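Undergrad: This is the structure I have questions about; it appears just below.
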Amino acid sequence: MALTTYDGLCEAVADYLGRDDLTERIPTFVELAERRMNRELRLRCMEARAETDVLAGQNAVPLPWRREAGNWDVFMEMRDLTWLDADGRSVNLTYTPPDRYGMAMPGGKPDQYTIIGRDLFLLPASDGPGRLILTYYGEIPPLGPKQPDNVVLLTAPDLYLYATLVESGPFTRGSAPVEMWTQYYSAARQKIEANERRARFTANLAMRPMRNI
């Protein structure tokens with residue numbers, strides 16, 4: 001079975017472990033691996049985009065938080081936030097610490113934001129209607145019967161496999177090469193992060209001097 005599906009991943013993990021008594025625990029290992037990768041990875045395939053209308057005087061906007069199997073969309077980290085006013089003018093908002101939100105500020109054109117809990121707050125509150133455009137890192141949609149694959153598994157199945165095997169360590173108690181799997185996971189992570197850097201930034205180009213004609 002293909003490694004790029006949930007069932008295929010579980011089957012591969014079972015083959016690597018070679019322990020029938022751990023088969024029922026493999027879904028837990030996968031879940032723990034996803035939590036690890038959510039903490040450690042910031043990949044293009046984890047980026048999401050959302051837009052929402054904001055009314056005049058409104059300063060609080062709920063962040064994406066849909067924890068629904070097969071339709072997962074949970075905010076983790078902001079990448080870019082743009083305010084678009086009713087006249088079509090746009091500005092990139094900059095982050096400010098939450099303690100500034102308690103300071104009295106007259107309404108105007110938002111140019112900053114902060115995050116408290118699951119809500120985003122505009123500073124200052126807009127004095128007119130507008131639209132927020134969010135680009136953010138979202139959680140990896142957790143695998144399961146209703147989510148047989150996700151873009152991270154399809155992009156880097158080896159990373160998923162080794163992360164899952166690493167999380168089996170406390171249960172194998174020395175009967176499996178956890179240190180080797182940890183090294184394989186680290187190597188796979190370094191390679192995918194290097195690929196991300198190459199994809200995001202163009203290589204330096206040699207510039208030829210202009211000739212006067």
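Undergrad: If you project the alpha carbons of the range 58-127 onto the principal axes, what extent comes out on each, in Å, largest first?
TA: For the range 58-127, the Cα extents along the three principal axes come out at 42, 30, 20 Å.
Undergrad: If you take every DSSP beta bridge whose two residues both sit in the chain, what share of them, in percent to the nearest 5, is antiparallel?
TA: Numbers: 31 of 34 bridges.
Within the chain, antiparallel bridges account for around 90 percent of the total.
Undergrad: In Å and on Cα atoms, what radius of gyration and Dmax does the range 21-142 show?
TA: Rg then Dmax for the range 21-142, in Å: 17.5, 64.
Undergrad: Report the semi-axes of the equivalent ellipsoid for the range 91-207 in whole Å, largest first, where each axis is √(5λ) for an eigenvalue λ of the Cα gyration tensor.
TA: 41, 22, 15
Undergrad: So what's the convex hull volume per residue for the Cα atoms of the chain, in Å³? Spell out each step's value before the answer.
TA: Numbers: hull volume 42.9 nm³, N = 213.
Cα convex hull per residue, to the nearest whole number: 201 Å³.
Undergrad: With N denoting the number of residues in the range 1-56, provide Rg(C-alpha) divided by 2.2 N^0.38 Å, to two decimal places.
TA: Values: Rg = 17.3 Å, N = 56, 2.2 N^0.38 = 10.2 Å.
For the range 1-56, the normalised Cα radius of gyration is 1.70.
Undergrad: May I ask you to give the solvent-accessible area per residue for the chain, in square angstrom, as obtained with a 1.4 angstrom probe?
TA: Working: 12810 Å² over 213 residues.
Per-residue accessible area for the chain comes out at 60 Å².
Undergrad: For the range 127-171, take the alpha-carbon Rg, divide it by the Kirkwood Rh, and send me Rg/Rh. Write out the running numbers ahead of the final one.
TA: Numbers: Rg = 17.2 Å, Rh = 13.6 Å.
Value, to two decimals: 1.27.
Undergrad: Still on this structure, I have one more. At a threshold of 8 angstrom on Cα-Cα distance, excluding pairs fewer than six apart, so keeping six or more, what relative contact order does the range 26-108 reach in percent? Please list the in-between numbers first.
TA: On the way: 29 pairs, mean separation 10.6, N = 83.
Reported as a whole number, the value is 13 percent.
Undergrad: Under the definition of Cα pairs under 8 Å and six or more residues apart, what whole-number percent is the relative contact order of the chain? Don't jump to the answer; show the numbers that get you there.
TA: Details: 326 pairs, mean separation 56.4, N = 213.
Dividing the mean separation by the residue count of the chain yields 26 percent.
The values are calculated or read from the model by the stated rules, or taken from the named source; none is laboratory data. Because the structure is predicted, anything quoted here is derived from the model rather than measured. Heavy atoms of the whole protein, side chains included, go into the accessibility calculation; ligands, DNA and RNA do not. Shrake-Rupley method; radii C 1.70, N 1.55, O 1.52, S 1.80 Å.
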